[in-house]
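The values are calculated or read from the model by the stated rules, or taken from the named source; none is laboratory data. Worth saying up front: this structure is predicted, and the values here are computed from it rather than measured. Neighbour counts are summed over all protein chains in view; Cβ atoms, including those assigned to glycine, are modelled from backbone coordinates with ideal geometry.
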Amino acid sequence: MTLHASCLCQGVAIEIDGPVKDMLYCHCTMCRKAHGSAFRARGRVKTKDLRWVRGEHLVRYYESSPGQHRGFCSHCGSSLFTRFTDAPHVLGLALGILDDDPGSRPSCHVFVGSKAPWHEITDELPQHESFAPGQGPASPRE
Ligand SMILES: [Zn+2]
Ligand SMILES: [Zn+2]
C-alpha cells in the first residue's frame, strides 16, 4: 500500500510505502502549539518507507525537545513529521497531511494532563495522563 501525503501549499509531497502505526492523539503543550490546535494526531512510519516526491528542500526542522526535530514546510507552515536522534529508523507522522486513508485509526489520547481547558474529549478511547503504557521518556515522545 502506498500512501500519499502533502503540505498545505503542495510544495512538499511524500509517499509512504508501508503501514502507519501507533496512531494516537497527543494533547501535550508542544503539540498543541506546533499545530495551533487542541491536539496532534500522529502515527509512526519507518524512515525507510518514506519516499520524496518533491519539496525536501522546503522542510525546516525545529528541535522542540532534545533529540526531537519537528519538520515543517517553510513556505506554508504545515507540520509534517518528526525525526528522533535516538530512533532514526522511525518518523512521527502528522496524520493531517495524509491524502489517503491509512486504514488504521488512533487508539488513545496521551498527555491529557496538559489538555487544553477549552477542549472536551468526547470519544471512548483510553486516556493517559502522560505517556501511554510501553511508551516512556526514553522512547520518542511528541
Ligand atoms: Zn507547504
Ligand atoms: Zn505531544
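What the table below lists for this structure:
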{"read-out": "Sole exception among (1) surrounded by 16 or more Cβ atoms within 10 Å (Cβ to Cβ); (2) not in a strand (DSSP E or B); (3) not hydroxyl-bearing (Ser, Thr, Tyr) for PHE81, by number", "value": "(2)"}
{"read-out": "Residues within the range 1-22 that are among the charged types (D, E, K, R) and within 10 Å of ILE97 (Cα to Cα), tallied", "value": "0"}
{"read-out": "Flag for LYS46 being within 18 Å of PHE131 (Cβ to Cβ), modelled with pLDDT of 95 or more and more than 16 Å from ligand 2 (Cβ to nearest atom)", "value": "no"}
{"read-out": "Meets criteria (touching a strand residue (DSSP E or B) at 6+ places or on another chain (Cβ under 9 Å), without any contact (Cβ under 8 Å) to a residue 60 or more places away in the chain and within 10 Å of ligand 2 (Cβ to nearest atom)) for ALA13", "value": "no"}
{"read-out": "Filtered residues of the range 31-72 (kept if away from ligand 1 (no atom under 16 Å from the Cβ), assigned to a strand (DSSP E or B), hydrophobic (A, V, I, L, M, F, W, C) and out of contact with any helix residue (DSSP H, G or I) (no Cβ under 6 Å at 6 or more places or on another chain))", "value": "VAL45, LEU50"}
{"read-out": "Counted residues, the range 6-30 - those being of a type in the set (Asp, Glu) and either farther than 19 Å from CYS73 by Cβ or in a loop (DSSP other than H, G, I, E, B) (or both)", "value": "2"}
